[in-house]
Each structure stands twice: as C-alpha cells, then as structure tokens.
Amino acid sequence: MTARLVIAGTHSSVGKTTIAAGLMAALRRRGLIVQPFKIGPDYIDAGHHSAATGRSCRNLDTWMMPPQAVRSLFTHASRDADIAIIEGVMGVYDGVGYEAEMGSTAEVAKLLQAPVILILDVSKLARSAAALALGYQRFDPDLPLAGFILNRVGSRQHGAGVAAAIEKATDLPVLGWLPRAESLKFPERHLGLVPVVETSNEFALVEAAGEAVMRQLDLDRILALGRNTSFNREPEGSMAAFASDLRLNSGCDSPILAVARDEAFHFTYEENLELLQAAGARLAFFSPLRDTALPDGTAGVILSGGFPEVHATRLAANVSMKQALRNAHERGLPIYAECGGFMYLTEAIIDFNGCEHCMVGLLPGRSVMSKRLTLGYRLARAVGASWLFASGELVRGHEFHYSHWENRPADLPPAYTLLPSSGAGGAWADGACVGNLLASYIHLNFWAKPELAERFVAACRG
C-alpha cells in the first residue's frame, strides 16, 4: 500500500505548489520514490511536481472523471511508488459549486482516504490563526485532517506562538513553518505560474523549496502521517486495466502519433499519452518552434495547449513547420488540437501588444489575446460524427484562456456545443470539425473516456 498525503490550502496562493514541490524534492533526496498528483485541471503546477520527482504528475479531477476512474488512476500511477504527494486545488473545500464538494480537494482526500495537511498563510495573523484552523477542522468532520504547515512566518517567535495556539485549539500538530522569502516564490504571469519548461532555473527553484522544507518541516512526522492510513487498496478499475492490457498491441507496425512538446505546447495530460500508447500508437515528440518537419512516418498529430502567444514570433518564423502541418492536413492525417494548439492553427495570433503573427492557417480567422479570462468546466456535446466522436456524444472538459476566435465563418462546422458545468443555462458553439481536423478550446482527459484513445489510434491506422 502506497503512503499518501494531500497538501491542501485555506485558499489559492497560500503556497501549496511551493510546499508540495519542496516536500516532493526533500523526500526524493531521502531515496524515496515519490509519485506526484495535482487535483483539478492544472498543467502548470503539475510540471513543477514532475521536475521535483522525476516522474510524470497526474491530475485527479472528480468533475471530469467518475470516482472509479479517479481511484484507478491513483492506484495505477502510484503502484511502484513509496509515497504519493497530492497537491490540492484552491481552498480545501472549493469545488464546482457553493453547496457541494464536487471537484474539491476535500472530495478527493476522502475518496482516496488520504490524510490532509493544511497550509495556512499566517503573514498577517497571530492567535487568530487558531480560530481559522479550528474552523477548517470543524467545517467537515469527515475530512481526514492530520495537521498544519504555516507559511510566510515573520520570525521564529511568530511561528512558535502561532503553532502553539493552533495545537491548543485543534489538538492537531503543526509540522513546521516556512519564512517569508522571495527565493521561495515561483514566477507568475497571466495564466498562473510560469511553466517549468520556460524557467531557466527550474531546478534551482525546486531545490530551494526542497532545502527549505528539509530545514523547516518535520519530515519524519510528515512521513509517519502519510503511512498511517486505513485506505484499503481496491482492484484496479477497468480504465487502469485498459492501460496495462492494451500495451501488448504496440509494435513496429503501430502508427506514429506526432505530439507537439516544447516551450509553446506542453499542456498534455500524461494519461492521455499513456492510453494512446496502450491503444497501439508510437509517440514521436516534435517542436513547432524548432523542427522543420513532422517526425518521419507521422500518421496523426496532437497540438496540445500551452503559450503560443508568448512564442508567437518564433512560431510565425518557422515557415517549414507550418507548411508541414498544412501538408499533413491535405494528406488526410487526423489532427487534434486543444486551446493553444487550436490558436496555432488559425490564420494569425494577435498578442497582448496588438502585434499580428502569421500562423498555420488551417482555420480561418484570428486568435486575439485580451484581458478577459475564460475559465471553467464544460459539458461538450459533439455536433456531428467524426473520427473521434459519435454525433451527439457528451464529454467533460475544461477551458482556460485569455484569447478569443475572431472572424470565425458562421458556416464553419463547430466541434462541440458547450454547456456550463451544471448542464443548465445557455449553450454555445466551440471549435471546428472539418474532415480530419478537430480543434477547440476544450481540454479533455481521456482517462474519463478511454475509448477516445482507441478511436484516435484507429483513425491514425486508417
């Protein structure tokens, strides 16, 4: 049975990623195999966790996946690990709505029976931190809350005083505290933290967090909490079995699926890639920034999300790659694009400064950056039958972007009809499905619907 811990917070920006990544790095230094997880649809935090552990971070999302899929993914990914460290999302009780826990850190912790360590930002608190901690403890008695970590402590006296007050009020341990320090802040920009692949000192940041955790936190006690769980491992669900069983199908005759991966395109769920491999695909990574051609023998293409707007000048300058994608489309290869990948396929990207950068042009119109954030879970209904979906098929996804599609032709067939996460309210069209090209702003996690991987590979074989 793999030990497990959830690193949760009272609210966003409390320091969850810094402390979670630091804890992962510190435990790895001890020689432990650490499997990272991130709750919710977040690619950027997951990248920092992968850098800290040397293992691919997985996303656990109880809105996008049924409970069985979340459990099976956790078991599958952590099967050979000594401990799983799971970073929460937003505040520990924050989820899809205001009246229920769906999609929250609390729901995942209870689903996996994983002890929770709650982070409190005490930079502007003293004894009042004890009232805050007690409130979080009593709000849901079923939450397996095991202890606290204090962040942004002003001094040793401050940390000791707050810790004593919290322990007296809750009868739970404070496992240490981290000081206020600029060196422990990961850089940010418009979609949150700067991705680790774009950070020149990516390992220095993770190492600094690991050093701070080793100095300031009680690692022995934290490990003991992670190992003290009543969780009884259930047999791997059908989706985990799918991944292991179908791996036998891969071989030299398997189709080559070209996957964009560089500083501009790297928002890809690892489980999507694993399921595609399980269904028989051979993955070949390429860089739209640097490569002049698709990998030899490419039978299908994935253009994942990322930050094409940040690297638009270089993308525009790589004329050979843009032509290679146009040639692939003309040859009938299935091309699947999400968010940033979809933006890359339009005629141009207009960046935050109003500068226009010529893109691939497989889709008419332009992707225009703005200050308006589009964020949320979406129910997506396939508008028509395609190589990936049956007509009317419903899938769950999410979107997170600061751009909009300008000058979209009214007669261009959309990929989806979108509904809010509740299923109620108005519907609107998104993306495009034109022959072998399927592109939209929606991110999908195939682990919730593994047959998508089988269909994708079948289309590549075709």
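Tell me, what is the FRET efficiency for Met1 and Asp140 to the nearest 0.05, using R0 = 22 angstrom and their Cβ-Cβ distance as r? Efficiency, rounded to the nearest 0.05: 0.35. Taking label points 7 Å from Cα along the Cα-to-Cβ direction, Ser320 and Met102 give a separation of 5.0 nm. Simple spin-label estimate for Glu356 and Arg156 gives 6.4 nm between the two label positions (7 Å along the Cα-to-Cβ direction from each Cα). Helix 202-216 and the longest principal axis of the C-alpha atoms of the chain enclose an angle of approximately 20°.
Rounded to the nearest 5, what % of the DSSP beta bridges within region 242-461 are antiparallel ones? Of the beta bridges lying entirely in region 242-461, close to 60 percent run antiparallel.
Beyond 23 Å in Cα-Cα separation lie the following of the pairs Lys16/Lys110; Lys38/Lys322; Lys38/Lys449; Lys16/Lys371; Lys322/Lys371: Lys38/Lys322; Lys16/Lys371; Lys322/Lys371.
Full extension of the segment from Ser370 to Asn228, taken as 0.36 nm per residue of separation minus the current Cα-Cα distance, would add 46.3 nm. Ranked by the mean number of other Cβ atoms within 10 Å of their residues, highest first, the peptides 130-137, 271-278, 108-115 come out as 271-278, 108-115, 130-137. Relative to the dominant Cα principal axis of the chain, helix 156-170 is inclined by about 90°. Using 1/(1 + (r/R0)^6) with R0 = 51 angstrom and r between the beta carbons of Ala429 and Ala164, what's the FRET efficiency to the nearest 0.05? E(calc), rounded to 0.05, equals 0.35. Between Glu451 and Ala126, the modelled labels are 6.3 nm apart [label points 7 Å from Cα along Cα→Cβ].
This ranking places Thr17, Thr346 by how few other beta-carbon atoms lie within 10 Å of each, fewest first, which gives Thr17, Thr346.
Each value in this text was obtained by applying a stated rule to the coordinates, not by laboratory testing. These figures come from a predicted structure and were not determined experimentally. Quick reminder, even Gly has a Cβ in these numbers, built from the backbone with ideal geometry, and neighbours come from all protein chains shown.
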